[in-house]
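The structure under discussion appears below in the form of structure tokens.
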Amino acid sequence: HHVQRRRRARGLYPRGDSLGQRCMIDIECLRGYYAMDRVFITAHTVERFRQRGIRARDVRHAVHGGQIIEQYPDDYPYPSCLICGMTVQGRVIHVVMSDEGTMSRIITVYFPDVDKWNSDFTVRKERN
């Protein structure tokens with residue numbers, strides 16, 4: 001927890017407070033990381049892209065035109081979120097990204113399953 005406190009103290013998460021209020025990720029912040037070339041993709045994630053037929057430009061397109069549909073403030077080691085957006089070809093895609101204070105990392109990207117999501121892929125269906 002001391003790492004999160006230190007980041008907040010430096011003002012990188014301005015919406016948090018000393019009472020441990022969770023900070024929500026802002027889509028504009030993630031878009032800003034792209035503009036500053038501060039979005040990183042691991043070799044493992046690139047391999048998953050390739051297997052799924054997804055390109056880096058599809059991910060960027062989804063982040064720039066999409067919306068955050070789930071927040072994961074307790075993810076370790078950094079908070080992350082789920083973005084629903086579109087590929088360059090107009091196909092719905094989900095992107096999980098971290099917010100590490102001064103940069104972001106693409107954690108995973110996938111085409112959502114129609115059986116697990118509502119018609120516009122923004123709300124999970126109830127599990128039966």
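Worth pointing out:
- The calculated FRET efficiency for Gln51 paired with Val88, based on their beta-carbon distance and R0 = 25 Å, is about 0.85.
- Computed E for Glu126/Asp74 - FRET, C-beta separation, R0 22 angstrom, nearest 0.05: 0.50
- Taking a ≥ b ≥ c as the square roots of the eigenvalues of the Cα gyration tensor, the range 46-128 is classed as oblate, since a/c reaches at least 1.5 and a/b does not exceed b/c.
- With θ taken as phi - 60° and the Karplus curve 6.51 cos²θ - 1.76 cosθ + 1.60 applied, the whole-hertz 3J(HN,Hα) list for the range 88-103 is 4, 7, x, 8, 5, 9, 10, 10, 9, 10, 8, 10, 9, x, 10, 7 Hz, x standing for glycine and proline.
- Asp115-Ile41 FRET efficiency (beta carbon distance; Förster radius 41 Å; 0.05 resolution): 0.90
Every read-out reported here was derived from the displayed coordinates using simple, explicitly stated rules and does not represent laboratory data. All values derive from a computational prediction rather than experimental measurement. Please note: Cβ atoms are built from the backbone with ideal geometry, for glycine as well, and neighbour counts cover all protein chains shown.
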